[in-house]
Structure formats: structure tokens, C-alpha cells
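The values are calculated or read from the model by the stated rules, or taken from the named source; none is laboratory data. The shown structure was predicted, so the numbers you read here are calculated from the model rather than taken from an experiment. Every residue, glycine as well, gets a Cβ built from its backbone with ideal geometry; the counts of neighbours run over all protein chains shown.
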Amino acid sequence: MSSTIKKIGVLTSGGDSPGMNAAIRAVVRTCAFHNVECVGIYRGYQGMIEGDFKEMGPRSVNNIVNKGGTILKSARSKEFMTADGRKQAYQHLIDAGINALVVIGGDGSFTGAEVFNKEFNFPVMGIPGTIDNDIYGTSHTLGFDTALNTVVEAIDKIRDTASSHNRLFFVEVMGRDAGHIALNSGIGAGAEEILIPEEDLGLDRLVESLKRSKLSGKSSSIVVVAEGDKIGKNVFELKDYVEENMPEYDVRVSVLGHMQRGGSPSCFDRVLASRLGVKAVESLLEGKTNFMVGLLNDKVALTPLTQAIKGNTEVDRELLRVSDIMTT
Ligand code: ATP
């Protein structure tokens, strides 16, 4: 593959997600495969501003495919939001001979990449790395599948306690703006109700539905709540409301929190990361820029960064229907 690009920089930015390491590995090894140099940039855009770089070869990414987090570390950089910060970053890239960038992160990181490209005409390619699955142009973001498995495993354990004590558990999962984790894990773990930001069930309907469940013979219940759900201000207020209206239930709350972002990536995420990493590097070498690589209809495909950032990632209506039927 002949290209003017001879050295590619790779960074991870924003919240970490399982599969980021597998994607770094794929980028590094695809560069080596095509005789292109590769440089790891530490701490996202902040490391770019500070010139915190490390040359990477195929052996520098041994034994990381199975590791959660990111060996390059991640960061949120306020300085990169300023023209001065970006100018410093650009100068460091030029000094190091880097002439293209792979950014593994979420929509904020892609916005940074777009701004940087516009200012310096610097080739950039995005890989979606976030557990929230809230990026347009891919059916799966890196880490989403692993997070679902983590959540389902946790809920299975909580259910053991719920059914032993006839308890109702509210389990809060991540997803400030998107209910993908709640909806999928709720179906997978057999939750009685799933509350997501996209659908406003209403407190009274929630209580009615739980009462119906109880009458139908259920002695315990699991309600999965996305952290961005609109019906209660927070999961503890939901608990208080249900306790007031259903005194017969012993109600508990479990907030799963950051455990959802960690852990060894699932096989799906490892394979996805490998496919996306190969496509990201090869697309840059073909002269493409300002795209995100993603998975569409099981094929790796490119989506313009602008669309990936702004596009709507609605929850799957068919899944909502399945969930309604399963919670009957
Ligand atoms: P997550 O989905 O986990 O939040 P993210 O990539 O969306 O990941 P952000 O914190 O939104 O995370 O963005 C990461 C970094 O991208 C920011 O800290 C900042 O350095 C850069 N960035 C975001 N928006 C812009 C922008 N408008 N201009 C320049 N840089 C930006």
C-alpha cells in the first residue's frame, strides 16, 4: 500500500472502555504490517499537547488484547479546547514526524479530532470506544458488549438475594442519555421493569405495573434503571416513592457504577476492536480522513465524523416491544 503517510499516532480519550487495548494493538500491528511507523500518545489530547509519546512496535502490544482499561491512559483535556493548546499539540506531532491520527474515544473526542483536522488539515480517523453505545454509524461501540455481560452477571447475583428475601431491587446502570445498556441488560437478566431516558413510563404506571407483577405471583422484582431515566430524579427517590405506595415490599437500591467500565473485554469486543483497528489504519493509508470506523449490518464501514457525532442513536423499537412482552 503506497501512501504519503509514514507515521501514525494513536490515542485513547474520554471515558475508558473494555476493548480499547485490543484496538491499540490492532492499530500498532496494522501499521507494522504495512511498514508504517506507529507512535502511542499518552493521556489522550493532553499527552498530545505535552508531547508525551512512545514509539510502538508489534511486540510492545503483547498480552494486552485481554486487558481492560487502556495502556495509553485516557484523559479529558480542557487545554485541547483552546486554539493555543491545539497549536502546541500540532507542533509536537510535526516534530515527531507523525502525519495521521487514530482517535479511540466517544463523541467528544471525535469533535476534538474534527476541530483539529479543520485547523491543520491533519488526517484523522475515529474508533468508537465507549460502553454507552451512543454513537451513530455503528451498531456496537467498543466496550458495550463487555459492559452488558458485566451488568447481567451482577443482576443475576442481585436476583439471588431479591428472591431469597422477597425484595424489590432498583438496579441503576450507566447511560446518562441513552438506555442501550439498561434495555439490553434488562432483557438479558429478565428484569420486571426497565426505565430508560428515551421512554417516560411515569411513577404511577411503574407502581401499577409492580402491583400487577405482585398479584400475578411474583414475590421479588428487579427494576433496571438507566442513570439518565426521566421519571424519578434519582434512583433513591424512586425507591422512596415505591416504598410509600407498596409498603408490602422491602425495597433496595444497587448502583453498579464504575465496575461497568472495567474488566477483561468479551470476545466480541476483542474481535470488533481488531477489525476496527485494521480498517482505521488502512483507510488512512488510502488517503481517507474525518471518518469513524464502525460496524453496520455486521460489516466494517466508514461514517463521516460529523454524522457520527450528531447522528441520533435511538433505542431499537423492536427491542422495546420484546421488553414489553417479556415483562408481562
Ligand atoms: P465519553 O463518551 O466517555 O464521555 P468522550 O470522547 O465523549 O467520551 P469527552 O470528555 O466529551 O469524552 O471528550 C474528550 C476530550 O475531547 C475532551 O476532554 C477534549 O479534550 C476533547 N474535545 C471535546 N470537545 C471538543 C471541542 N469542541 N473542541 C476541542 N476538543 C474537544
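Which numbered condition trips up A182, out of (1) crowded, with 24+ Cβ neighbours inside 10 Å; (2) in contact (Cβ under 8 Å) with a residue 60 or more places away in the chain?
Tallying (1) crowded, with 24+ Cβ neighbours inside 10 Å; (2) in contact (Cβ under 8 Å) with a residue 60 or more places away in the chain, A182 fails exactly one: (2).
Inside the range 87-109, can you point out the residues that are surrounded by 21 or more Cβ atoms within 10 Å (Cβ to Cβ) and near the ligand (Cβ under 7 Å from one of its atoms)?
Of everything in the range 87-109, those that are surrounded by 21 or more Cβ atoms within 10 Å (Cβ to Cβ) and near the ligand (Cβ under 7 Å from one of its atoms) turn out to be G105, G106, D107, S109.
Quick check on A191: is it away from the ligand (no atom under 16 Å from the Cβ), free of Cβ contacts under 8 Å to residues at least 60 places away in the same chain and either closer than 18 Å to L319 by Cα or not assigned by TED's automatic domain parsing to the domain that holds R275 (or both)?
no
Suppose we filter E55, E79 for residues that are surrounded by fewer than 17 Cβ atoms within 10 Å (Cβ to Cβ), of a type outside the set (S, T, N, Q) and near the ligand (Cβ under 9 Å from one of its atoms); which single one remains?
Every option except E79 fails the conditions.
Of the numbered conditions (1) in a helix (DSSP H, G or I); (2) buried (at least 24 other Cβ atoms within 10 Å of the Cβ), L168 fails exactly one; give the number of that condition.
L168 satisfies all of (1) in a helix (DSSP H, G or I); (2) buried (at least 24 other Cβ atoms within 10 Å of the Cβ) except (1).
Given the conditions (1) farther than 17 Å from G126 by Cβ; (2) more than 11 Å from the ligand (Cβ to nearest atom); (3) surrounded by 20 or more Cβ atoms within 10 Å (Cβ to Cβ), and given that I49 satisfies all but one, which numbered condition is not satisfied?
(2)
Is there a residue being closer than 16 Å to D324 by Cα, at pLDDT 95 or above and in a loop (DSSP other than H, G, I, E, B) anywhere in the range 180-189?
Within the range 180-189 (the criterion being closer than 16 Å to D324 by Cα, at pLDDT 95 or above and in a loop (DSSP other than H, G, I, E, B)), the answer is yes, since at least one residue qualifies.
Being within 21 Å of N166 (Cβ to Cβ) and surrounded by 18 or more Cβ atoms within 10 Å (Cβ to Cβ) is the filter here; which residues of the range 215-237 pass it?
Matches in the range 215-237: S220, S221, I222, V223, V224, V225, V235.
Any idea which of V207, V225, V293, V300 is in a strand (DSSP E or B) and in the same structural domain as H180 (by TED's automatic domain parsing)?
So the residue among V207, V225, V293, V300 that is in a strand (DSSP E or B) and in the same structural domain as H180 (by TED's automatic domain parsing) is V225.
Kindly indicate whether any position in the range 262-269 is under 19 Å from I131 (Cβ atoms) and among the aromatic types (F, W, Y).
Yes: the range 262-269 contains one or more residues that are under 19 Å from I131 (Cβ atoms) and among the aromatic types (F, W, Y).
Among what's in the range 32-46 and is within 22 Å of the chain's Cα centre (by Cα) and assigned to a strand (DSSP E or B), pick the residue that is farthest from the ligand (Cβ to nearest atom).
G40
In the range 104-139, which residues are in a helix (DSSP H, G or I), among the small types (G, A, S) and farther than 20 Å from T70 by Cβ?
none
Does the range 113-133 hold any residues that are farther than 26 Å from F144 by Cα and either buried (at least 17 other Cβ atoms within 10 Å of the Cβ) or more than 8 Å from the ligand (Cβ to nearest atom) (or both), and which are they?
F116, N117, K118, E119, F120, N121, F122, P123, listed by residue number.
Name the residues in the range 140-154 that are in contact with a Leu (Cβ under 8 Å, 6 or more places away or on another chain) and either within 14 Å of the ligand (Cβ to nearest atom) or not in a helix (DSSP H, G or I) (or both), would you?
Result: H140, L142.
Of the conditions (1) surrounded by fewer than 20 Cβ atoms within 10 Å (Cβ to Cβ); (2) within 16 Å of the ligand (Cβ to nearest atom); (3) under 23 Å from the mean Cα position of the chain (by Cα), A23 satisfies every one except a single condition; which number is it?
Answer for A23: the failing condition is (1).
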